[in-house]
Amino acid sequence: MKFISPKTDFAFKKIFGSIHSQNILISFLNAIVYNNQNIIQSLKIINPYNPGVTNTMKGSSFDVKALLDNGSTVIIEMQILNVEDFEKRVIYNLAKAYGNQLDAGQGYMMLQPFIALTIADFVLFEKIDKMITKFRFKEETELFNYQDELTLMFVELPKFYK
């Protein structure tokens with residue numbers, strides 16, 4: 001029997017982005033994002049399309065987008081090829097998704113944290129052997145976090161050894 005690769009958009013979305021696979025997604029996110037702690041108890045899979053605010057703004061779509069029970073939103077993308085300017089695209093998508101939370105007149109206190117989780121089938125960070133990397137805003141010399149609103153996470157599949 002042949003199986004479809006979970007790296008394809010269809011299979012990835014079926015495994016992690018289906019209403020029937022919420023428990024799989026919860027387990028996966030608890031393992032990757034929260035270091036095997038059972039932080040997430042429930043989540044809601046939401047529309048992964050992230051339109052531009054205006055007709056001229058670039059739209060984007062993610063493989064999976066979920067609202068976590070702690071109010072955070074996670075956007076997940078499976079990326080097979082290291083396309084040109086990939087690193088900029090990841091930052092753009094996170095910033096745009098974060099900024100699209102507010103409608104005119106809403107206060108900034110309505111903003112909730114966002115996590116962009118990218119699963120890459122290529123090596124992004126050649127100088128380190130770590131499979132999972134996590135980035136946040138940090139003060140340059142004292143290394144303290146500036147708000148934990150935006151998190152970029154990468155899972156580099158070639159660095160995974162069973």
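The values are calculated or read from the model by the stated rules, or taken from the named source; none is laboratory data. These figures come from a predicted structure and were not determined experimentally. Counting neighbours? That spans all protein chains shown, and the Cβs are built from the backbone with ideal geometry, glycine included.
Among the residues of the stretch 102-123, the ones that are under 23 Å from Ser72 (Cβ atoms), of a type outside the set (S, T, N, Q) and touching a strand residue (DSSP E or B) at 6+ places or on another chain (Cβ under 9 Å) come to 7 in all. Within the stretch 12-35, does at least one residue satisfy the condition of being under 17 Å from the mean Cα position of the chain (by Cα), assigned to a strand (DSSP E or B) and either modelled with pLDDT of 85 or more or at negative phi (or both)? No, there is no match, as no residue in the stretch 12-35 is under 17 Å from the mean Cα position of the chain (by Cα), assigned to a strand (DSSP E or B) and either modelled with pLDDT of 85 or more or at negative phi (or both).
Within the stretch 96-104, identify whether any single residue is at pLDDT 90 or above, aromatic (Phe, Trp, Tyr) and under 11 Å from the mean Cα position of the chain (by Cα), and answer yes or no. For the stretch 96-104, residues at pLDDT 90 or above, aromatic (Phe, Trp, Tyr) and under 11 Å from the mean Cα position of the chain (by Cα): absent. Taking the conditions exactly as written (of a type in the set (S, T, N, Q), more than 15 Å from the chain's Cα centre (by Cα) and either within 17 Å of Ile119 (Cβ to Cβ) or at pLDDT 85 or above (or both)), does Ser72 satisfy them or not? It is false that Ser72 is of a type in the set (S, T, N, Q), more than 15 Å from the chain's Cα centre (by Cα) and either within 17 Å of Ile119 (Cβ to Cβ) or at pLDDT 85 or above (or both). Scanning the stretch 141-162 for residues that are of a type outside the set (A, V, I, L, M), surrounded by 10 or more Cβ atoms within 10 Å (Cβ to Cβ) and over 25 Å from Asn100 (Cβ atoms) yields Glu156, Pro158, Lys159.
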